Amino acid sequence: MKSDPAGGVILGSSSQARSSKEHALVFLLWAALLAHGLFFARDLLALALLPGLCLLFRPGDLRAAVRSLWVKPAEGALRLTATDTLLLLMSGLSLTGLLHPVKAEEGWLEAIRFLLYWFVYRWGREAARNSKGEARLLRAAGWAALALGISAWLPWSAHVWPPPGPPEAGRLSSWFGYPNAAAAFLGAVLLLPGVDLRLKLVLIPFFLSTGSRASLALLAGIWGLQGLITLMSGVKLPQADPGRRGIPDRREALPKTPGLPVRLFLLAMSGVRRLAHLLARGKRGGGSGRGYFVTAALVSGSAILCWQGGFMGPAAPFHGAWAHLGRWAMSDSVWERILYFRDGLRLAASEKFLPQAGGWLAFPLVQQIPYWASDPHCSLIRVLLNQGWPGLVALTVWSAGRFRQIGRTGFWGACAFLALHSLFDADFSFAALGVMFWLLVALAEGRDPAAETYGQGGKRQGGERGRHTLSNAGVSLAGIRILRPAFLEPVLALLLFAPAGVILAAGGLPAATGVMGRPGGSPDAAACCRELTRALSLDRTNVGWRRELAETELRQGETARGLYQVERVLAWQKFDLGSWEWAQSLVWQAAEQQRRAGPASSRGLYRWVEEVPARMAAIAGKVPPAERPLWRGYSLFVRADPHIELLARCAGDVLHNRPLP
């Protein structure tokens, strides 16, 4: 096998390396989908070990990486592109968020996620240099979508991939566990150019069974836009060249351009003929009778799936999909997304738009009504919080530079669908959708329509050199030897293998495993406070540790630090009635303990206990009237709690020297 030790795979070399990368990509795509869409951290870490494991079976890459530092790269070798730079930059910015983390583990996971995307992109670029490899990857995506839909009907699938609860109950979610994520993947496959039309007919009922309104609107819009582009880019009328001597200009004698109604009719008829041709086409172009038979079977199966999917039958497993698709008014989910966007911008502004590890997880500090969401449901806000303004600027510049190149290929519809859908849903919380997106970007960049030639019948016969020419937007960084792909791939595979393996084996960051309440925790109070403080510097979201720290410090007489931790607990759980009861009881106990030692030092604690009802009323009063229906426990929170009112009244009696009740 020929290889270039300084720049990657050489054009015209053996396909053994490419086939191994193709197999790795197919395995990664299927494994990512089966592992709940890589939503959970353990699944992502397990899949992140794949590049390192591939390196173990190809030790020659390490020797080639060392030689690449002084060997000049061969002509035609793949070099770093702007997409390489973006993905590596996003991974690096995720690590800078560890300087001021909300949850340090999320910073490591985000860096690992983008490194995994980078390997998907690199392997996809190599696969795109071979048209057969590209076709195999697209075929694998189509069959994966079919398996995703069929598995939702299996009787035992609910025990492996639990169905969603309310309000998404009754909608197809399959391996993802979230209907909108399943709709995003199915919609992207429906827009792929290399997937058989008959397979798409079977996927449509599965797509509709997800009940995703945004996905349906996006899919219809992109299909309509593709039809409009086809309509507007029709075959031009032949015209004589006025620059040639002796040839009269007969453009006026040509028929006029047909109007829009005629164009629409001709486009519809052309589409019907094309559809009939594709449906009747047998395997390998032979046997139209077999093609009609297969098509009839697939259409009948689609009708049965529609009946069982709740679109024509009265009782079906996905009965909630049709009801959800019928509600297009402003629902609670729309208002909740508006709250997510607003609070995400507030969080980013509070940290001066700098990178934060797990930045969105601090949403309880800025929310005005209670909700829980593991993602801001917007990819741009997710980037703004995790990678800061540098990441958002880099992503914007990359999108502007790559829009035209991807738009010249048949992958623009699927890429646009995934990108637009991620703007108002939690798509990229599922790393499987990110794998799909960056794989399509790699395949799209591997095509260069400007360098292709066409033979008879309009079939593409691009030369090997022209087909795989990098775009003008590519970043030629071969002069910096450590940035050559042949060196970066094995080195980053090892760097990715190490943290992923450590975090996966330890079940979390090792620095947070020795706090009180865990094996190895110290019984000494001072040591316990130090360990809890160190652990909270890595994970500010753990309210249980903060409660334990507050109780320990107040018990030790550290009033100021104990009250600070109590206030931090309430900042994270200010809408939780139980947290207010816990905080008031804890401060009351500390005040009683200090009153026996010295009455003067306890007056501030009694005053804090007395002010609790007024503070709760102020929090409830800040909620705008239009948003109060979204807070289901609003009436319970504003109602006077007997326990809280009793302690507040007792604290007031102590402050005013009245006898306790």
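To keep it simple, each residue is scored yes or no on (1) at pLDDT below 90; (2) among the charged types (D, E, K, R); (3) under 19 Å from residue 89 (Cβ atoms).
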position	(1), (2), (3)
335	yes, no, no
350	no, no, no
354	no, no, yes
362	no, no, no
**Q.** Failed item, numbered, when residue 76 is tested on (1) at positive phi; (2) open to solvent by less than 30 Å² (accessible area, probe 1.4 Å); (3) at pLDDT 75 or above
**A.** (3)
Q: Only residues that are out of contact with any Leu (no Cβ under 8 Å at 6 or more places or on another chain) and at pLDDT below 90: list them for segment 86-116, please.
A: none
Q) Looking at residue 96, is it among the hydroxyl-bearing types (Ser, Thr, Tyr), open to solvent by 10 Å² or more (accessible area, probe 1.4 Å) and farther than 28 Å from residue 539 by Cα? A) no
Q. Out of segment 85-102, which residues are in a helix (DSSP H, G or I) and among the hydrophobic types (A, V, I, L, M, F, W, C)?
A. 86, 87, 88, 89, 90, 93, 95, 98, 99
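Conditions tested, residue by residue: (1) within 21 Å of residue 138 (Cα to Cα); (2) at pLDDT 70 or above; (3) open to solvent by 60 Å² or more (accessible area, probe 1.4 Å).
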| position | (1), (2), (3) |
| --- | --- |
| 167 | no, no, yes |
| 177 | no, yes, no |
| 186 | yes, yes, no |
| 213 | no, yes, no |
| 219 | yes, yes, no |
| 224 | no, yes, no |
| 227 | no, yes, no |
| 231 | no, yes, no |
| 239 | no, no, yes |
Q | Subset tally (residues that are surrounded by fewer than 21 Cβ atoms within 10 Å (Cβ to Cβ) and closer than 18 Å to residue 574 by Cβ) for segment 334-360 | A | 4
(Q) Against the condition touching a helix residue (DSSP H, G or I) at 6+ places or on another chain (Cβ under 8 Å), outside any loop (DSSP other than H, G, I, E, B) and either closer than 23 Å to residue 423 by Cα or among the β-branched types (Val, Ile, Thr) (or both), how does residue 186 come out, does it pass? (A) yes
Q.
Just checking, does segment 394-414 include any residue being open to solvent by less than 10 Å² (accessible area, probe 1.4 Å), in a helix (DSSP H, G or I) and either within 16 Å of residue 188 (Cα to Cα) or free of Cβ contacts under 8 Å to residues at least 12 places away in the same chain (or both)?
A. yes
Q. Within the set of pairs 6 or more residues apart or between chains, which connect a residue that is free of Cβ contacts under 8 Å to residues at least 24 places away in the same chain inside segment 551-577 to a residue that is basic (Lys, Arg) with Cβ atoms less than 9 Å apart?
A. 565/546; 565/547; 566/546; 566/547; 568/540; 568/546; 570/615
Q: Return the total of residues in segment 537-584 being assigned to a helix (DSSP H, G or I), open to solvent by less than 30 Å² (accessible area, probe 1.4 Å) and either touching a Leu at 6+ places or on another chain (Cβ under 8 Å) or not β-branched (Val, Ile, Thr) (or both).
A: 17
Q) Would you pick out the residues in segment 622-661 that are assigned to a loop (DSSP other than H, G, I, E, B) and open to solvent by 80 Å² or more (accessible area, probe 1.4 Å)? A) 622, 632, 639, 656, 657, 658, 659, 660, 661
Q: Scan segment 167-182 and give yes if some residue there is more than 17 Å from residue 418 (Cα to Cα) and among the aliphatic types (A, V, I, L, M), otherwise no.
A: yes
Q) Residues of segment 361-388 being aromatic (Phe, Trp, Tyr) and either free of Cβ contacts under 8 Å to residues at least 40 places away in the same chain or open to solvent by less than 20 Å² (accessible area, probe 1.4 Å) (or both), which ones? A) 363, 372
Q.
Can you tell me which condition residue 173 does not meet? The list is (1) open to solvent by less than 10 Å² (accessible area, probe 1.4 Å); (2) among the small types (Gly, Ala, Ser); (3) not in a loop (DSSP other than H, G, I, E, B), and all the others hold.
A. (3)
**Q.** Failed item in (1) in contact (Cβ under 8 Å) with a residue 24 or more places away in the chain; (2) part of a helix (DSSP H, G or I), with residue 530 passing the rest
**A.** (1)
Q: Select from segment 363-387 the residues that are within 25 Å of residue 111 (Cα to Cα) and outside any helix (DSSP H, G or I) and write down the one among them that is farthest from the chain's Cα centre (by Cα).
A: 372
Q: Taking residue 205 as the residue in question, decide whether it is of a type outside the set (A, V, I, L, M, F, W, C), open to solvent by 10 Å² or more (accessible area, probe 1.4 Å) and either farther than 25 Å from residue 373 by Cα or not in a helix (DSSP H, G or I) (or both).
A: no
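The values are calculated or read from the model by the stated rules, or taken from the named source; none is laboratory data. If you're wondering where the values come from, they're calculated on a predicted model, not measured in any experiment. Please note: Cβ atoms are built from the backbone with ideal geometry, for glycine as well, and neighbour counts cover all protein chains shown. In case anyone asks, the SASA skips ligands and DNA or RNA and just uses the protein heavy atoms, side chains included. Shrake-Rupley method; radii C 1.70, N 1.55, O 1.52, S 1.80 Å.
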